[in-house]
Amino acid sequence: MHSAFAKSAKRFAAVCAAVAAFTPLSALAWEPTKTVEFIVPAGTGGGADQMARMLQGIIQKNNLMTQSLVVINKSGGAGAEGFLDMKGSAGNPNKIVITLSNLFTTPLATGVPFKWDDLTPVAMLALDEFVLWVNAKAPYDDVKGYLAALKGAAPGGEFKMGGTGSKQEDQIITAAIEQKTGSKFIYVPYKGGGDVAAQLVGGHVTSSVNNPIEAVSQWRAGELKPICVFDTTRLPYKEPVASGKSWGDIPTCKEGGLDIEYLMLRGIFMAPKVTKDQVDYYVNLFKKVRDTAEWKDFMEKGAFNTTMLTGEEYKAWLGKAAESHRSLMENAGFIAK
């Protein structure tokens, strides 16, 4: 009797193994069962919003999800609204958020009860560059000329730096330039990168540190010009963008004597307390997105650093980035008391 039971159990196990071998992975693993909310902790028109809507379009066009993906902007409190919504959605796998560096800066600047590891990291999709832009009519074309003009500016600040928001990425870079050069800017905050570019074209500010995608149309139109990029190396893109120049022709700021590097996260997170299968679903989804021609074209047009990280590598990068932002903001006096 015992032997017959054992044989029967073995046969059952063999049948199960055979069924598993011929069952598609999609039928075994988790996938969303309803519309997925894609939270953008920033306003419409900025870099994160543009990327989220690009991702939504690629996923829809290529039928990469069986459920719909809906972009929802929650920009209140420098993105705190979106982050707190995610933090309060523990165990909900039908909600994801695209992050920028306000993941680190907003809690430090505002004291809002949130930190990056309250959420579940999924994947770094890319890193966004920062470029020092000036009006096309400016009498200098390189970092050396810019710094000389900055140094020669009258005390009290003829030099105005336009940026998105206060105590966030743009102002952190501005403060870093002040620390490196001993000069002072008047920092002028605007609602979004589009506004910043328009104000620079109009001559209302002297410079900006907009992302490439936020000022490329004004570069093409001959209204703005790039001075340097805040990365460790020049960008790899060789296709001409404006006046025969490519993104790759823009020197690093360090080459010109301004030793500052700053890259901005474009990453995906989920709510706390989700399962590994649920995280894996989104990791695989975004890997498929990155393989599409539309994504590759978007990366080139926006001159992104295309690094992708997942798992422990991503968590390690986030931990270092959090410390780096704390140090930058402490030096600038931007941390909430």
* Structure fact -> The correct count of residues that are within 19 Å of Leu127 (Cβ to Cβ), among the aliphatic types (A, V, I, L, M) and in a loop (DSSP other than H, G, I, E, B) in region 186-229 is 1
* Structure fact -> Subset of region 188-202, residues more than 17 Å from Lys167 (Cα to Cα) and not hydrophobic (A, V, I, L, M, F, W, C), comes to Gly194, Asp195, Gln199, Gly202
* Number of positions in region 139-166 that are touching a Ser or Thr at 6+ places or on another chain (Cβ under 8 Å) and in contact (Cβ under 8 Å) with a residue 40 or more places away in the chain -> 8
* Is one or more of the residues making up region 107-114 assigned to a helix (DSSP H, G or I), exposed (fewer than 15 other Cβ atoms within 10 Å of the Cβ) and not polar (S, T, N, Q)? -> no
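Out of all the residues in region 320-334, which are part of a helix (DSSP H, G or I) and exposed (fewer than 12 other Cβ atoms within 10 Å of the Cβ)? Step through it out loud before you land on a result.
Going through region 320-334, the residues part of a helix (DSSP H, G or I) turn out to be 320-332.
Those that are part of a helix (DSSP H, G or I) and exposed (fewer than 12 other Cβ atoms within 10 Å of the Cβ): Lys320, Glu323, Ser327, Glu330.
So if I check each of Val36, Val40, which one is touching a strand residue (DSSP E or B) at 6+ places or on another chain (Cβ under 6 Å) and within 27 Å of Asp170 (Cβ to Cβ)? So that I can check it myself, show each step before the final result.
Working: Val36 fails: within 27 Å of Asp170 (Cβ to Cβ).
The match here is Val40.
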* Residue pairs meeting the criteria (Cβ under 7 Å; at least 6 apart or on separate chains; first touching a residue at least 24 places away in the same chain (Cβ under 8 Å), in region 206-218; second outside any helix (DSSP H, G or I) and among the charged types (D, E, K, R)) -> Thr206/Lys160; Asn211/Asp128; Asn211/Glu129; Pro212/Glu129
* Count of region 289-299 residues which are surrounded by 15 or more Cβ atoms within 10 Å (Cβ to Cβ) and assigned to a helix (DSSP H, G or I) -> 5
* To do: From Ala78, Ala52, Ala90, grab the single residue that is of a type in the set (Gly, Ala, Ser) and modelled with pLDDT under 95.
  => Ala78
* Looking at region 230-251, which of the residues that are in contact with a strand residue (DSSP E or B) (Cβ under 7 Å, 6 or more places away or on another chain) and in a strand (DSSP E or B) is surrounded by the fewest Cβ atoms within 10 Å (Cβ to Cβ)? -> Pro240
* Asked: Does Met124 qualify as being crowded, with 19+ Cβ neighbours inside 10 Å, aliphatic (A, V, I, L, M), within 24 Å of Met308 (Cα to Cα) and modelled with pLDDT of 95 or more?
  -> yes
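The values are calculated or read from the model by the stated rules, or taken from the named source; none is laboratory data. Everything numeric in this text was worked out from a predicted model, so none of it was measured. Neighbour counts run over all protein chains shown; Cβ positions are idealised from the backbone, glycine included.
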